[in-house]
Amino acid sequence: MLTSTTSWLFEAFAKPGCSHSDTYILWREDNKEPFIFAGIGNAEEVEDITPVKIIWTFETEIFPDEISPSTTFREGTVCKVSVNAYERNPVVRQKCIEHYGATCYVCCFNFGKVFGELGEGFIHIHHLRPLSEIGEEYEVNPVEDLRPVCPNCHAMIHRRSPPLTIEEINALLLKSAANYSAT
């Protein structure tokens with residue numbers, strides 16, 4: 001039996017086979033502050049320590065029209081986040097850039113041409129097959145497995161799970177350009 005004052009949390013969320021969707025997560029900085037709605041979360045990971053540690057995933061977004069004008073906004077609170085980080089090889093990155101250049105493979109944006117010296121060589125490198133999908137160290141081919149993409153295109157590629165392919169994001173960009181020029 002857990003003796004922690006938060007032991008009921010561990011017992012509630014650690015039961016095998018229990019689904020804890022639609023858990024409303026509220027937080028506050030101290031006991032004098034009002035609670036702030038963080039979103040609807042699911043307990044992703046529960047650790048039996050004192051106090052109990054719960055890693056939450058959120059499936060909801062708060063939209064601007066759902067926020068009361070009297071809502072207080074706070075930022076800068078330090079929180080501990082646990083993520084898997086996949087090591088990147090800087091030589092592989094350089095080989096990809098040597099082959100394709102530092103121009104976005106999708107939209108052709110080049111930071112060096114726009115921002116001069118400050119932007120020279122700045123580009124994200126996208127893995128065509130996500131490292132999280134591979135899940136282990138593997139032998140990467142910088143020409144076949146990677147593409148240089150600007151941060152905006154890279155963010156749009158990863159807006160969906162699984163990520164959009166280069167061809168899919170390129171088709172969206174071309175469709176958008178055609179719609180823009182028609183107006």
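Here are some notes:
- Accessible surface of segment 139-183, 1.4 Å probe, proportion on carbon and sulfur as whole %: 56 percent
- Inter-label distance for Val114 and Glu29, nm, one decimal - labels placed 7 Å from Cα along Cα-to-Cβ: 3.5 nm
- Legend: residues Tyr180, Tyr105, Tyr100, sorted from most to least accessible area (1.4 Å probe; ligands, DNA and RNA excluded), read Tyr180, Tyr105, Tyr100.
- Length-normalised contact order of segment 72-183 in % [C-alpha pairs under 8 Å, at least 6 apart]: 26 percent
- Here segment 79-174 is treated as a Stokes sphere of Kirkwood radius computed over C-alpha pairs; at 25 °C and 0.890 mPa s its diffusion coefficient rounds to 171 µm²/s.
- Counting heavy atoms of the protein chains alone, Leu118 has an accessible area of about 150 Å² for a 1.4 Å probe.
- Shown are Val83, Val78, whose ranking by accessible area with a 1.4 Å probe and every protein chain present, most to least, is Val78, Val83.
- The lysines whose alpha-carbon is closer than 26 Å to the alpha-carbon of Lys95, local same-chain residues fewer than 8 away aside, are Lys113.
- Sequence-distant residues sharing a close amide H with Trp56 (under 5 Å, placed H): Glu44
- Accessible area in the full protein assembly, largest first, 1.4 Å probe, for Arg129, Arg74, Arg88: Arg88, Arg129, Arg74
The values are calculated or read from the model by the stated rules, or taken from the named source; none is laboratory data. Computed from a predicted structure; not experimentally measured. In this analysis, Cβ positions are derived from the backbone assuming ideal geometry, glycine residues included, and neighbour counts consider all displayed protein chains. Just so you know, the surface numbers come from the protein's heavy atoms only, side chains and all, with ligands and any DNA or RNA stripped out. Shrake-Rupley method; radii C 1.70, N 1.55, O 1.52, S 1.80 Å.
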